[in-house]
Every structure is written in C-alpha cells, then in structure tokens.
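Undergrad: Dropping a structure here in structure tokens format, bear with me for questions.
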Amino acid sequence: MDLNELVRTNLKNYSAYETEEQPTDDGWVILNTNENPYPPLPEILNDIKKSINENIRLYPDPTSFELRKMVLSVLLSDKDTLTNRNSIFIGNGSDEILDVIFKVFIDPGDEIVIFYPTYGLYKVLATLYNAKANEIKLNDDFSIPESAYSAKGKLLFINSPNNPNGKSFGNATILKLCGSFPGIVVVDEAYADFSDKTCLPLLKKVKNLIVTRTFSKSFSLASLRIGYALADPNIIKEMNRVKLPYNTNYLGQVAALSCIKHRNKIYEQNKKIIEERERLTEELNKYPGISVLPSDANFIFIKFEDESKTLKFIWDLKEMKILIRHFSKPGLYNYIRITIGKKEDNNKFLKAFNEIAKKYL
Ligand SMILES: Cc1ncc(COP(=O)(O)O)c(C=O)c1O
C-alpha cells in the first residue's frame, strides 16, 4: 500500500491548524490562548457532576433541543434577534460550525473571502475543502478596506471582535458587506460577549448572514465544546443535514444550560476581565515605544515601534514562565497578543514587562 497514493491530493499542500503551546507543569502564567481565566462557577460544576451518572451510556440529544430553546428564549432574549427554534444550530464548539458551513457551501475550486490578519482556521478549512481563499488585507488600523465591497465568492468570513487585534467591526460595515457580497457572510462573534457589540439584530433583515458564537470564552467551557450559530432557517436546515448525528456531547449540553441559568453571575465575573483589559491597556500605554490597540475582546494587541524588540520581550517573558502570543507572519512581527488573565496573573505580567522594559525600551 502506498499511503501517498491514497490520501486526498489536496492534503499534500495542506498545513493543519497549529494549536498553541499549553504547558501543564506548575508555575506558568498562560496568557496565550484566549481562554477565560475563571473556572466555571461552583453551581455549574455541580450541575455537570450531577450529570455524570448512568445516563452517560445513552446518546445525547442530537438536536440539542433544550439548549436551542434556552439560547433563544433566555440567553439572547435581550439581543433583538431571530427567535424561531429552526434558526439556531448547536455545534461542537464554533470551530465545528465553521467546518459545517464549508461542508454545506463549498465545492472544490469555489472561492471564499477572508481578511488578513484574522483567525487562522478559515484559511485552514479553505485548503482542506479545496477552496480558493482570497485574502483581503485589512487597513493599517485593522479596518475593512473599500476593495472588500466588490469581493466575490461563496463565503466571506468576518471575525468581530477580530482576533488578533481585538476590535469589533460596526454593524453598518457588516450590513454593507452583506449587501455587496453575492454569497454568505459569516460573522464569527467568539469574543463578542466581552463587549456590548453584536450583529445579531441584523439577522432580522439580512438573509445571507450566519452569526457564530461560543460558550468557550465568556462562559469558561472551552473543553466541553459548545458553540451555536444563528441564521435563516433554510441555512440551518442545510447545516443540520451535513452535521454528524451526535455532534455535541451530553455534558456539554448540560453545562451550557447551567451557564444560561447562571448567566448574570458569569457576566459579573466577566466584568472583571473587561476592567482588567482597560487597566492593562492604560498601564502599558505609559511605556514609550509601544502602543496598545483598543480591544473589545478578552485579549489586547500590543504594537512595538521597533520590531527587533518584540522577540526580546517574548523570550524574556518565557524565561520568566509567562506565555504570550506572537504571530510570525507578514505585518505582525512587531505585535504581541496578551490574553487577559486574573488580576494576580496580570500583575505578574506587568511586573515582568516592567523589568524587561528597563532593558529594552
Ligand atoms: C475567532 C475565533 N473563533 C472561533 C474559535 C474557536 O472557538 P470554539 O472553542 O467555540 O471552537 C476561536 C478560538 O480561539 C477564535 O479565536
């Protein structure tokens, strides 16, 4: 058997998504993966523990009926968006939803539009499904350039707030893109709960829009893999046809329902992340030679005027057991991304940063 002969041809040029380093030994301050620094509330952990019983032998609800109902009627009740039970899809994290969207819409050779820089998975999926990804470079201030309004293709991905810079795109921009783009516009709102901005209300007037969201970030459930998408029921119907039968697991569904029940306490907790984001931004902006970009997410993006200093900071921070994110990609070499941690971790970061700054800034 020649494995190379058997594996799909397009996998020869395929680079899989690379996940970030996640050390498990003690003493690390991990500010590189945009997870929520707070564990799920004790009430939520309790609900999960109670559900670890003999029912685990059964398959989970394939339609996540209860969760769909509660997301629409409770979690998003103040968002002025779709309310029909057939307008929501529950996925194994929003990553699976992105994959399902490709499965529904992409034939080999189709074109999609993505921005640069943005979340890396859109491009990875494009390669996997043999689509041609047309990358449009964001302006220097990470806003959308005029050329985007004449872009053509089957899918266009907008990440709002955008990873890695953290800024949301306005609804006027998203609406304009939905109007000009001939295919489906996907707005990935993985981090939207860390701001009051969302394009969910646009779904009431726009048919070619899918909004994806997740319980991984604002609800501290990254390991249980629950995401959701809202769109026109005709789109959701197609997504349901291609998903694997039992795509989300029972404990994930239980945990997400519990998060919805305790959402106000979680929102209070998340306010601390937002306050810390503002504090870090203010503190770091005091240093010469760097600037912190305004962020609507649970991370900040720091720009170094002198590119050669960026790696020095990363290496020294790593020596001090602090992990942050650097993107070795064109236009991004002089930036670092810091996930907002708990106050004590942020203080460790600030202290370390200050020591390193004495050497280099
Ligand atoms: C922009 C963006 N979308 C989606 C995801 C994945 O989220 P999930 O855990 O729901 O699959 C991430 C994770 O880092 C992300 O940064």
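The values are calculated or read from the model by the stated rules, or taken from the named source; none is laboratory data. The shown structure was predicted, so the numbers you read here are calculated from the model rather than taken from an experiment. Using ideal geometry, Cβ is built from the backbone for each residue, glycine included, and neighbour counts are taken over all protein chains shown.
Undergrad: Which of the residues spanning the range 208-219 are within 11 Å of the ligand (Cβ to nearest atom) and more than 12 Å from the chain's Cα centre (by Cα)? Working first, answer last.
TA: Residues of the range 208-219 that are within 11 Å of the ligand (Cβ to nearest atom), as a first pass: 212-219.
Selection gives 219 alone.
Undergrad: Answer yes or no as to whether residue 237 is in a loop (DSSP other than H, G, I, E, B), more than 23 Å from the chain's Cα centre (by Cα) and at pLDDT 95 or above.
TA: no
Undergrad: Can you name every residue in the range 220-234 that is away from the ligand (no atom under 13 Å from the Cβ) and within 19 Å of the chain's Cα centre (by Cα)? It would help to see each step written out before you state the result.
TA: Within the range 220-234, the first condition is being away from the ligand (no atom under 13 Å from the Cβ), and the residues that meet it are 230-234.
Hits for the range 220-234 are 230, 231.
Undergrad: Residue by residue through the range 156-190, note down the ones that are in a strand (DSSP E or B), under 30 Å from residue 324 (Cα atoms) and away from the ligand (no atom under 12 Å from the Cβ).
TA: 156
Undergrad: Follow-up. Before we move on, is residue 196 surrounded by fewer than 20 Cβ atoms within 10 Å (Cβ to Cβ) and either in the same structural domain as residue 274 (by TED's automatic domain parsing) or over 22 Å from residue 88 (Cβ atoms) (or both)?
TA: no
Undergrad: Whether any residue in the range 301-309 is assigned to a helix (DSSP H, G or I), assigned by TED's automatic domain parsing to the domain that holds residue 347 and touching a helix residue (DSSP H, G or I) at 6+ places or on another chain (Cβ under 7 Å) is what I want to check. Let's see the steps before the verdict.
TA: Quick first cut of the range 301-309, residues assigned to a helix (DSSP H, G or I) only: 307-309.
Filter again for assigned by TED's automatic domain parsing to the domain that holds residue 347, leaving 307-309.
If we keep only those that are touching a helix residue (DSSP H, G or I) at 6+ places or on another chain (Cβ under 7 Å) too, we end up with 309.
Checked against the condition, which is being assigned to a helix (DSSP H, G or I), assigned by TED's automatic domain parsing to the domain that holds residue 347 and touching a helix residue (DSSP H, G or I) at 6+ places or on another chain (Cβ under 7 Å), the range 301-309 yields at least one hit.
Undergrad: So which of 21, 43 is among the acidic types (Asp, Glu) and touching a His at 6+ places or on another chain (Cβ under 7 Å)? Full working, then the answer.
TA: Numbers: 21 fails: touching a His at 6+ places or on another chain (Cβ under 7 Å).
It is 43.
Undergrad: Among the residues of the range 35-55, is there at least one that is touching a helix residue (DSSP H, G or I) at 6+ places or on another chain (Cβ under 9 Å), modelled with pLDDT under 95 and surrounded by fewer than 15 Cβ atoms within 10 Å (Cβ to Cβ)?
TA: Yes, the range 35-55 has at least one match.
Undergrad: Let me ask another. Can you tell me which residue among 107, 78, 140 is over 21 Å from the mean Cα position of the chain (by Cα), within 30 Å of residue 264 (Cα to Cα) and without any contact (Cβ under 8 Å) to a residue 12 or more places away in the chain?
TA: Details: 107 fails: within 30 Å of residue 264 (Cα to Cα); 140 fails: within 30 Å of residue 264 (Cα to Cα).
Being over 21 Å from the mean Cα position of the chain (by Cα), within 30 Å of residue 264 (Cα to Cα) and without any contact (Cβ under 8 Å) to a residue 12 or more places away in the chain holds for just one of 107, 78, 140, which is 78.
Undergrad: Here is a further query. Only one residue in 266, 273 is under 30 Å from residue 74 (Cβ atoms), touching a Gly at 6+ places or on another chain (Cβ under 9 Å) and assigned to a helix (DSSP H, G or I), so which one is that?
TA: Values: 266 fails: touching a Gly at 6+ places or on another chain (Cβ under 9 Å).
Result: 273 is the single residue among 266, 273 that is under 30 Å from residue 74 (Cβ atoms), touching a Gly at 6+ places or on another chain (Cβ under 9 Å) and assigned to a helix (DSSP H, G or I).
Undergrad: Follow-up question, since we're still on this one. How about the range 95-135: which of its residues are in a helix (DSSP H, G or I) and within 11 Å of the ligand (Cβ to nearest atom)?
TA: Matches in the range 95-135: 95, 96, 97, 98, 99, 121, 122.
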